[in-house]
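This report concerns only the one structure given below.
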Amino acid sequence: MRVLFRFFAATQCRGRSAVYEALSESVAGDDALLGLLLDTPGDQRRPSLLFAAVNLLLAAHPGDELSAYYAIHGGRRTPDERLVPAFAAFCADHRDELLRLLRERSTQTNEIRRCVALRLALDHVRRRLPGPFALVEVGASAGLNLLFDHYGYRLNGRQDPGAGAPVISCEVRGDPNGFALGTAPRITRRLGIDRNPVDLSDPDARAWLEAFIWPEQVGELATLRAATDLALASAELSVVPGEATTDTARLIGQLPGSEPVVVFTASLLSYLAAEARSAFVAQLQEAAAHRPVAWAFAEGPGLLATVGLHTPALNGPLSRRNSLYAVGVSLRGPGLRDDQLLALADPYLRWLAPARTKADDFAWLPSDG
Ligand SMILES: C[S@@+](CC[C@H](N)C(=O)[O-])C[C@H]1O[C@@H](n2cnc3c(N)ncnc32)[C@H](O)[C@@H]1O
């Protein structure tokens, strides 16, 4: 776990959250704080879970010294020598509640910036298959990505004409000249599947989702709240409980119509062990026996390298660049199979680098992106 916190500080927090970077490094060296996670189920023992549990409790204790470091709670203080003692004191004061949350809750995020990956994938699918499409997201959380065509997009500071709110910003790296997203296709239905769906009508569930917003991310919190409001007002959206490895084909099979189904996954594969990843891909293949299925993904390259995609670039050094996500599409259907990587991106889609060729291995992209 020590290693996990150090890795988290170096790969996720640096340049993004000075507060979590300092806290991750201090937790890594503190047996009492690490010990808080000991009763947490093994696959949930993640730095993000500890920080979310603290953040949730902090929202209910706005006067605590620790709040002063959380801009999302109105704080203005930058990390200094009091941050770590304030965090340790808060954890000690709320130990029982924290332990309960860490035992009972699981990681829950819904990052709508990843809709940029979905838009890129849909542009690719449209060049191969006529729309409209049914859209399914597996590992959908609250299903906010399913409303991708209701959001505005600002790429390299240029905003889509006619875009709505919330607005998603993304930097295009590498060769941004002329890069633009196509028009969003018509979506016939929107279905989310999640082992543990977030019910946005439950204030507790919304608060838990918001607890995963980082201390400095005031804009992200506003974006999440705007997307949540849209989802609550939407009659089109449904997220059903389901297990990626056993329910995906059946739930796709229940969709009416025969239009192609775009199945989006973003940050799902890291939750699946090797056998489960193969089982999920087998579900996609099973669904594709009945109607075309386009698997649009934003996932770690090393995990994608294990699921039999026909993308030679994943057999090389790209598969070790796991602090980034590969964005791509695997088209499957009767007589149809075409896999392609479209971009390499930051896992939160703050930036993406479009592929320069069909077989791009992104060796040209510096290691820090
Ligand atoms: C990191 S969140 C990503 C949510 C959303 N795709 C996004 O990009 O914001 C991963 C989601 O996958 C769900 N999940 C994990 N394992 C799953 C499984 N085996 N079957 C279905 N959903 C799963 C979790 O409950 C969680 O909501």
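The values are calculated or read from the model by the stated rules, or taken from the named source; none is laboratory data. Not measured: the values here are computed from a predicted model. Glycine gets a Cβ as well: all are built from the backbone with ideal geometry, and neighbour counts include every protein chain shown. Ligands, DNA and RNA are stripped out before the accessible areas are found, and what is left, the full protein with its side chains, is counted by its heavy atoms. Shrake-Rupley method; radii C 1.70, N 1.55, O 1.52, S 1.80 Å.
Summed over segment 260-283, residues that are within 10 Å of the ligand (Cβ to nearest atom) and of a type in the set (Asp, Glu) total 0. Comparison of 74, 35 shows that the only residue that is open to solvent by 50 Å² or more (accessible area, probe 1.4 Å), of a type in the set (Gly, Ala, Ser) and more than 19 Å from residue 208 (Cβ to Cβ) is 74. Taking segment 164-266 as the region of interest, the helices (runs of 4 or more DSSP H) fully inside it that hold 3 or more residues being among the β-branched types (Val, Ile, Thr) are 218-233, 244-253.
Within segment 183-195, is there a residue that is over 26 Å from residue 280 (Cα atoms), assigned by TED's automatic domain parsing to the domain that holds residue 255, more than 16 Å from the ligand (Cβ to nearest atom) and of a type in the set (A, V, I, L, M)? So far as segment 183-195 goes, yes, one or more of its residues are over 26 Å from residue 280 (Cα atoms), assigned by TED's automatic domain parsing to the domain that holds residue 255, more than 16 Å from the ligand (Cβ to nearest atom) and of a type in the set (A, V, I, L, M).
Figure legend. Inter-residue proximity from segment 230-249: first residues under 21 Å from residue 150 (Cα atoms), second residues open to solvent by 30 Å² or more (accessible area, probe 1.4 Å) and more than 9 Å from the ligand (Cβ to nearest atom), beta-carbon distance below 6 Å, spacing 6+ or different chains. Indicated pairs: 230/150; 231/237.
Given the criterion open to solvent by 20 Å² or more (accessible area, probe 1.4 Å), of a type in the set (Phe, Trp, Tyr) and within 13 Å of the ligand (Cβ to nearest atom), identify the matching residue among 297, 212. Of the residues listed, the single one that is open to solvent by 20 Å² or more (accessible area, probe 1.4 Å), of a type in the set (Phe, Trp, Tyr) and within 13 Å of the ligand (Cβ to nearest atom) is 212.
For segment 143-172, filtered to residues that are more than 24 Å from residue 237 (Cβ to Cβ) and open to solvent by 60 Å² or more (accessible area, probe 1.4 Å), the residue that is nearest to the chain's Cα centre (by Cα) is 171.
Of all residues in segment 239-263, how many are among the hydroxyl-bearing types (Ser, Thr, Tyr) and open to solvent by less than 50 Å² (accessible area, probe 1.4 Å)? Result for segment 239-263: 2. Scanning segment 327-346 for residues that are of a type in the set (S, T, N, Q) and touching a Ser or Thr at 6+ places or on another chain (Cβ under 8 Å) turns up just one, 340.
Condition check ((1) free of Cβ contacts under 8 Å to residues at least 12 places away in the same chain; (2) part of a helix (DSSP H, G or I)) across all residues:
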position: 16; (1), (2): no, no
position: 19; (1), (2): no, yes
position: 38; (1), (2): yes, yes
position: 50; (1), (2): no, yes
position: 53; (1), (2): no, yes
position: 57; (1), (2): no, yes
position: 72; (1), (2): no, yes
position: 88; (1), (2): no, yes
position: 102; (1), (2): no, yes
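Please tell me if residue 104 is within 16 Å of the ligand (Cβ to nearest atom), open to solvent by 40 Å² or more (accessible area, probe 1.4 Å) and farther than 23 Å from residue 7 by Cα. When the stated conditions are applied, residue 104 passes them. Between 52, 134, 86, the distinction of being more than 14 Å from the ligand (Cβ to nearest atom) and farther than 30 Å from residue 262 by Cα belongs to 86 only.
For segment 209-258, a residue qualifies if it is charged (D, E, K, R) and either in contact with an Asp or Glu (Cβ under 8 Å, 6 or more places away or on another chain) or over 27 Å from residue 54 (Cα atoms) (or both), and the qualifying residues are 225, 236, 243, 247, 250. Can you pull out the residues in segment 323-341 that are exposed (fewer than 15 other Cβ atoms within 10 Å of the Cβ) and at pLDDT below 95? 334, 335, 336 - these are the residues of segment 323-341 that are exposed (fewer than 15 other Cβ atoms within 10 Å of the Cβ) and at pLDDT below 95. Of all residues in segment 76-96, none are among the basic types (Lys, Arg), under 27 Å from the mean Cα position of the chain (by Cα) and outside the structural domain of residue 268 (by TED's automatic domain parsing).
If I ask for residues that are of a type in the set (A, V, I, L, M), open to solvent by less than 40 Å² (accessible area, probe 1.4 Å) and more than 22 Å from residue 322 (Cα to Cα), which ones from segment 264-294 would you list? Once the filter is applied, which keeps residues that are of a type in the set (A, V, I, L, M), open to solvent by less than 40 Å² (accessible area, probe 1.4 Å) and more than 22 Å from residue 322 (Cα to Cα), segment 264-294 yields 284, 287, 288, 293, 294. Against the definition (open to solvent by 10 Å² or more (accessible area, probe 1.4 Å), in the same structural domain as residue 171 (by TED's automatic domain parsing) and more than 16 Å from the ligand (Cβ to nearest atom)), how does residue 139 come out, yes or no? No; evaluated as a whole, the condition is false for this residue.
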